[in-house]
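Peer 1: The structure under discussion is supplied below as structure tokens; questions concerning it will follow.
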Amino acid sequence: MTSPRRIEVEIGELVLHGFAPGDARRIAAGLERELAARLEARGVPAGLERGGELGSLRGLSVSIPAGARADVVGSAIAGGIHTGVSGGTGHGR
């Protein structure tokens, strides 16, 4: 039986416009939960299999319904990040 791999993700800066300052922690919590779930369910994207550091994702575009709860916003952002690091639209170094 193999032991589970440890994956560490550090987001240095996440810039969001149009949200209340108090939403930041709830957005971050939703992002963390969803990104962890996607990595667990779908595995580490091939481009990151050997480890290393991804410089940045620029121009990431995510559709969020008006009035969405902060945790839903975080989940949507996580989906965009996962798509970006998997080689989809919005990926850059």
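Peer 1: Starting with the fewest neighbours, write out 40, 10 ranked by other beta-carbon atoms found within 10 Å of each beta-carbon. Present the calculation step by step, with values, prior to reporting the outcome.
Peer 2: Numbers: 40 10, 10 5.
Placing the least packed residue first, the sequence is 10, 40.
Peer 1: Find out how many positive minus negative residues lie around residue 26, taking Lys and Arg as positive, Asp and Glu as negative, among other residues whose Cβ is under 10 Å from that of residue 26. Could you put the intermediate results ahead of the total?
Peer 2: Values: positive: 25, 69; negative: 23, 71.
Computed value for this residue: 0.
Taken together, the values in this text are just the output of simple stated rules run on the coordinates, not laboratory data. From a predicted model like this one, the values you see are computed outputs, not experimental measurements. All Cβ positions, even for glycine, are placed from backbone atoms using ideal geometry, and neighbour counts span all protein chains on display.
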